[in-house]
Amino acid sequence: MRTALERLTSVGGVRPGAILFACSMNAVRSPMAACITRKLFPQQIYVRSCGARSGAPDPFVDAVMQEIGCDLSSHRAKTFEELDESGFDLIITLAPEAHHKALELTRTEAVEVEYWPTPDPTLATGSRDQILESYRSVRDLLMERIKKRLAWSPAPSG
């Protein structure tokens, strides 16, 4: 059985201690990713989210995140400029606009920036159930990417 360190190094290095997730408006994808990361790595990784622009709360996000035990009802969108902190080890961008902004703002900093192209579920059309399924799909995609990138594995049972 591999140790936690072996699991980490098998996917490309040491787990970052501070991560910023960024998307277009910090209303859907980046808050989802930040909340999922906090849930998977409680008190292990410092996590924040922001957007290239500020957006309004999205009730579909609250609904699909509550399904997995995450509460985003108190989330308030922030832009890169409104962040109170800096010094992130990793910035993960989920939309082209956020990626360009992150690269521009980190030109002189030693921070890794990764782009994870992620569909925008707000573009979904159809019934409420079809729209919710689009949000679930993005949530689940983010969950898998986060687990893979940060080498998450559940604690052994027994």
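The values are calculated or read from the model by the stated rules, or taken from the named source; none is laboratory data. Every value quoted in this text rests on a predicted model; they were computed, and no experiment measured them. Don't worry about glycine lacking a Cβ; one is built from the backbone with ideal geometry, like all the others, and counts go over all protein chains shown. With ligands, DNA and RNA removed, areas are computed over all heavy atoms of the protein, side chains included. Shrake-Rupley method; radii C 1.70, N 1.55, O 1.52, S 1.80 Å.
Quick notes on this structure:
- Hey, residue 49 exposed (fewer than 15 other Cβ atoms within 10 Å of the Cβ) and either in a strand (DSSP E or B) or not aromatic (Phe, Trp, Tyr) (or both) or not: no
- Cβ separations smaller than 6 Å between residues 6+ apart or across chains give the following pairs from the stretch 64-81 residues that are farther than 17 Å from residue 134 by Cβ to residues that are small (Gly, Ala, Ser) and open to solvent by 50 Å² or more (accessible area, probe 1.4 Å): 77/54; 79/54.
- Counting only residues that are of a type outside the set (Asp, Glu) and under 12 Å from the mean Cα position of the chain (by Cα), the stretch 118-146 holds 8 of them.
- Search result, residues across the stretch 45-61 that are over 15 Å from the mean Cα position of the chain (by Cα) and not hydroxyl-bearing (Ser, Thr, Tyr): 53, 55, 56, 57, 58, 59, 60
- Being in contact with a helix residue (DSSP H, G or I) (Cβ under 9 Å, 6 or more places away or on another chain), farther than 18 Å from residue 145 by Cα and of a type outside the set (A, V, I, L, M) is a property that residue 71 has.
- Residue within the stretch 20-32 that is small (Gly, Ala, Ser), touching a Cys at 6+ places or on another chain (Cβ under 8 Å) and under 19 Å from residue 106 (Cβ atoms) present: yes
- Some residue of the stretch 18-40 being farther than 15 Å from residue 93 by Cα, assigned to a loop (DSSP other than H, G, I, E, B), out of contact with any Gly (no Cβ under 6 Å at 6 or more places or on another chain) and not hydroxyl-bearing (Ser, Thr, Tyr): no
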